[in-house]
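What follows is a single structure, written as structure tokens, with notes after it.
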Amino acid sequence: MKRQPLIVANWKMHKQLKEALEFVRELRRLGADQLRDRTVVLCAPATALLALSEVLKDSAIRLGAQNAHWEQAGAFTGEISPTQLLDVGCSYVILGHSERREHFAETDDRVRQKLRAALCAGLHPIVCVGERGEEREAQRTHRVLERQIGVGLGDLAPTELGKMAVAYEPVWAIGTGVTARPDQAQQAQQFIRSCVAKAYGPEAAQALRILYGGSVQPDHMDSLLAQPDVDGALVGGASLSAQDFWRIISFHSQLTPTHGSV
Ligand code: PGA
């Protein structure tokens, strides 16, 4: 079964509104709307979501957030719920990013609650997992992934696996310039798929898109996406430039940039 590639920009806490809008204009000018055989998502800061959703109304580019709360409404000062994200035009949301785990003490239990809430609201969640450098050195990668997948995904219905994605993001590769080798990504992602197959059945595991994230650059895309269990990429630093992100999303593509105005 062929899964449609999913390529996701994670802008983190970058870009003023004007820069976000300029990025979209440039990405569309380069031809992003013509890439029909893959899904492209921009996970922008909350401050830019509404304005971006307005300009992306007639676009193939999808909009996402970088976090969401585990309740749909309530007394949670400063937080944003999945329903509110949907309301401003988001269809995707990143959950359990390692920066949230590290700086905001998010646990696998919390990730599971957020995943449930995001799915209930009708969003496509992207759940991040990945081992730290010292865990890989101590040969604990599989144990860590097994726990993050087991606890973080919880008791989903098998059909829900097709609505979400998992991003394998080894912490040692995030923002470091050290990308996992394609065979390392494949090995970990095959293991993740096998954990999912054990818990939800082989069919659900085949429907799940598993992305690689961690210092992805345009030149890595062809070799990463050639791996059978790598279904796309979650891109931080290299997603901040429209030119670089265009080179990332147009991997394998016969399309050349169009220079007409949009
Ligand atoms: P990076 O970030 O591409 O800058 O390593 C990836 C991520 O944190 O999602």
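This table checks each residue for (1) of a type in the set (Gly, Ala, Ser); (2) touching a Phe, Trp or Tyr at 6+ places or on another chain (Cβ under 9 Å).
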| residue | (1), (2) |
| --- | --- |
| Gly150 | yes, no |
| Pro158 | no, yes |
| Lys163 | no, no |
| Ala167 | yes, yes |
| Trp172 | no, no |
| Cys195 | no, no |
| Tyr200 | no, no |
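Looking at segment 45-161, what helices (runs of 4 or more DSSP H) fall wholly within it and have at least 2 residues that are under 28 Å from Cys195 (Cα atoms)? Where helices (runs of 4 or more DSSP H) fall fully within segment 45-161 and carry at least 2 residues being under 28 Å from Cys195 (Cα atoms), they are 98-103, 108-121, 133-137, 141-153.
Counting only residues that are surrounded by fewer than 17 Cβ atoms within 10 Å (Cβ to Cβ) and within 19 Å of Leu234 (Cα to Cα), segment 34-44 holds 2 of them. Only residues that are over 20 Å from Leu208 (Cβ atoms) and within 18 Å of the chain's Cα centre (by Cα) were counted in segment 177-190, giving 1.
Would you point out the residue of segment 171-188, among those that are assigned to a helix (DSSP H, G or I) and within 16 Å of the ligand (Cβ to nearest atom), that is surrounded by the most Cβ atoms within 10 Å (Cβ to Cβ)? Checked segment 171-188; the qualifying residue surrounded by the most Cβ atoms within 10 Å (Cβ to Cβ) is Ala185. Are any residues in segment 189-226 more than 15 Å from the ligand (Cβ to nearest atom) and of a type in the set (A, V, I, L, M, F, W, C), and if so, which ones? Residues satisfying the conditions are Phe191, Ile192, Cys195, Val196, Ala197, Ala199, Ala204, Ala205, Ala207, Leu208, Leu225, Ala226.
Confirm whether Gly237 is within 12 Å of the ligand (Cβ to nearest atom) and crowded, with 21+ Cβ neighbours inside 10 Å. Considered against the rule, which asks whether it is within 12 Å of the ligand (Cβ to nearest atom) and crowded, with 21+ Cβ neighbours inside 10 Å, Gly237 comes out as no. Restricting attention to segment 1-14, the residues being out of contact with any Gly (no Cβ under 8 Å at 6 or more places or on another chain) and over 14 Å from Ala65 (Cα atoms) number 4.
The residue that is nearest to the ligand (Cβ to nearest atom), counting only those in segment 125-144 that are surrounded by fewer than 23 Cβ atoms within 10 Å (Cβ to Cβ) and touching a residue at least 40 places away in the same chain (Cβ under 8 Å), is Arg132.
For segment 72-124, what are the residues that are under 18 Å from Gly150 (Cβ atoms), hydrophobic (A, V, I, L, M, F, W, C) and surrounded by 21 or more Cβ atoms within 10 Å (Cβ to Cβ)? Correct list: Leu95, Val111, Leu115.
Coordinate-derived values only; no laboratory data. All figures in this text were calculated on a predicted structure; none of them were measured in a lab. Glycine gets a Cβ as well: all are built from the backbone with ideal geometry, and neighbour counts include every protein chain shown.
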